[in-house]
Each structure stands twice: as structure tokens, then as C-alpha cells.
Amino acid sequence: MIKMRALLFIISMITSSIIAREEFIEFNGTVDHLESVLKKHTYVFIDFWASWCNPCKRLKQELEKVVRKKPDLRIVLINVDQQRSLAKHYQITSLPTLLLFKNGVFVKRIVGHHVSEKLLSMIEESAA
């Protein structure tokens, strides 16, 4: 019985990881391509991050919680060290920075680390 519970727990963790990964889009492209991605989905957070940024790593954990509760949300990950032109285009001066889009239209800029509940409330505010 204990082995079965452990197996079910492992399967549920793998399944939730797969679902979360589908929600995240690692982006390497142009501004035009990014805008086409934004228009494909109802809600999109663009997450500007860097591998050396510890708050960015903690924010990604919170974003994983958010996508589990908001299935129509996509997270576009942009590494500022690799995509400097996009960071410049969107005037990113601090990390982490999230940009929230609804149906391809910019809604809100969010700078710094935030917990999942706060991020969800920001999405809900944009729905009103």
C-alpha cells in the first residue's frame, strides 16, 4: 500500500511538471515574432530573467504555481543576457520584470519578486 501511494505521488509530480513546462515558452526571436506569440494566448506574462538572478529563480517557482491555477496563462521566458535587444525594446532595467498582456495588449509591468497569490490577483484585475 505504501509503495502504491509513493508511486501515485511520483506520477502526480511528473504530470504536474509536464503541465507546467507546456505553459512556459523559452523565447529566442524577434519583437515581431514575440508579438505574434502574445496574440495567440489570452493571458501572457513575459518573464525577463537572468541565470545569475536569485529573485528570478524564486519568481519562476511562483509562476509555476500560477500556471497550475490559470490554464489559459502562458509564461514567455526571456533571458536578458541572450536577448539584449528585447530587453532594450521593453525598457527592462531591473530583474526580475514581468510584463502582463491580455489578448496581445499590454496590461501591467511588475518588477521584483511576488508570491503566486499576488500574481493571480493581478491577472484577475485585468479581467475586469
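Each reported figure results from applying straightforward, stated rules to the coordinates on display, with no laboratory input. Here the structure is a predicted model, which means the values were calculated and not measured. Cβ coordinates were reconstructed from backbone atoms using ideal geometry, including for glycine residues, and neighbour counts include every protein chain displayed.
Counting neighbouring beta carbons within 10 Å and listing from fewest to most, the residues 116, 121, 126 come out as 121, 126, 116. Beyond 17 Å, the tail of the calculated P(r) for segment 16-119 holds 47 percent of the Cα pairs. Stretching the chain fully between residue 103 and residue 81 yields a gain of 5.2 nm (0.36 nm per residue, less the alpha carbon separation).
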